[in-house]
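For reference, the structure is listed below as C-alpha cells.
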C-alpha cells in the first residue's frame, strides 16, 4: 500500500515526454525500409547485421538525412534508438568491416578499464595479504574490468548481445559493490559460506521485488 501511494505521488509530478522520436519519424522509417529492400537488412533493429556493411552505412545515411530534415524545420536534433546521432568511425579491411559506433564513449570506456586495471595491480602489490578485505577488493577490480570491457564493446558495436552484456555487467558491479560494503561492516559475510549464501538470497529477493 505504501509503495502504491508513493507511485501515485511520483506519477502526479510526471509530464509527457517523447524519447527517440528520430527512429519513429516517417522519413527514417521509409529510408530504412529501402535498406532492408536493397541490402536485405533485418527487420529487427538491434540485430547484429545492422552493425555490418552495408546495412550500417545505409542506416547512418538515413539517420543524418533525418537530422537534416529536423534542422531545416527548426526542430531539435532527435535521438535514434535512445542515442544521439554520433559520427562513427568505420572502414573495410578486405572482407572485414571495422566499426566503432561511438568513438568518444569507446575511448572513455577503455580509459576507465585502464584505471581499474591499475587499481587492481596496486591492490595485488601493495595491500598486505593479511588484510581481510584484500580478496574482496581484488574481486571488485575484476568486476570493474568486466564492466568496462563490456561497455567498450557496446559503444563500438551496439546490437542486442552487447547491450545485454553492458547492462548485466553494470548490475554485477552494483551488486558486488554492495557486497563489498556490507562485507566491510559484517566480516562473517565473506568468511563463511552461510554468509555468502545469505547475501545472494537477499540480492535475489531485492531484484525480484
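The values are calculated or read from the model by the stated rules, or taken from the named source; none is laboratory data. This structure is a prediction, so every number in the text was calculated from the model and none was measured. No Cβ is skipped: glycine too gets one built from the backbone with ideal geometry, and neighbour counts run over all protein chains shown.
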Check: Does residue 173 fit the bill of being assigned to a helix (DSSP H, G or I), at pLDDT 95 or above and surrounded by 14 or more Cβ atoms within 10 Å (Cβ to Cβ)?
Finding: no
Next item on the list: Among what's in the range 30-49 and is in contact with a helix residue (DSSP H, G or I) (Cβ under 8 Å, 6 or more places away or on another chain) and not in a loop (DSSP other than H, G, I, E, B), pick the residue that is surrounded by the most Cβ atoms within 10 Å (Cβ to Cβ).
Entry: 32
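Can you pull out every residue in the range 93-117 that is in contact (Cβ under 8 Å) with a residue 12 or more places away in the chain and closer than 15 Å to residue 157 by Cβ?
97, 99, 100, 101, 102, 103, 105, 106, 109, 110, listed by residue number.
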Item checked: Residue satisfying condition, being at pLDDT 95 or above and within 21 Å of the chain's Cα centre (by Cα), within set 39, 56 -> 56
Next item on the list: Kindly check whether there is at least one residue in the range 87-105 that is over 17 Å from the mean Cα position of the chain (by Cα) and assigned to a helix (DSSP H, G or I).
Entry: no
Notebook entry, point to check: Taking interchain pairs and intrachain pairs at least six residues apart, which have beta carbon atoms under 8 angstrom, with the first residue in the range 122-135 and without any contact (Cβ under 8 Å) to a residue 40 or more places away in the chain and assigned by TED's automatic domain parsing to the domain that holds residue 183 and the second outside any helix (DSSP H, G or I) and exposed (fewer than 13 other Cβ atoms within 10 Å of the Cβ)?
Noted result: 134/128
Check: So, in the range 158-170, of the ones that are within 8 Å of the chain's Cα centre (by Cα) and under 18 Å from residue 88 (Cα atoms), which residue ends up surrounded by the most Cβ atoms within 10 Å (Cβ to Cβ)?
Finding: 162
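Which residues, taken from the range 55-80, are part of a loop (DSSP other than H, G, I, E, B) and loosely packed, with under 15 Cβ neighbours inside 10 Å?
Answer for the range 55-80, where residues must be part of a loop (DSSP other than H, G, I, E, B) and loosely packed, with under 15 Cβ neighbours inside 10 Å: 73, 74, 75, 76, 77.
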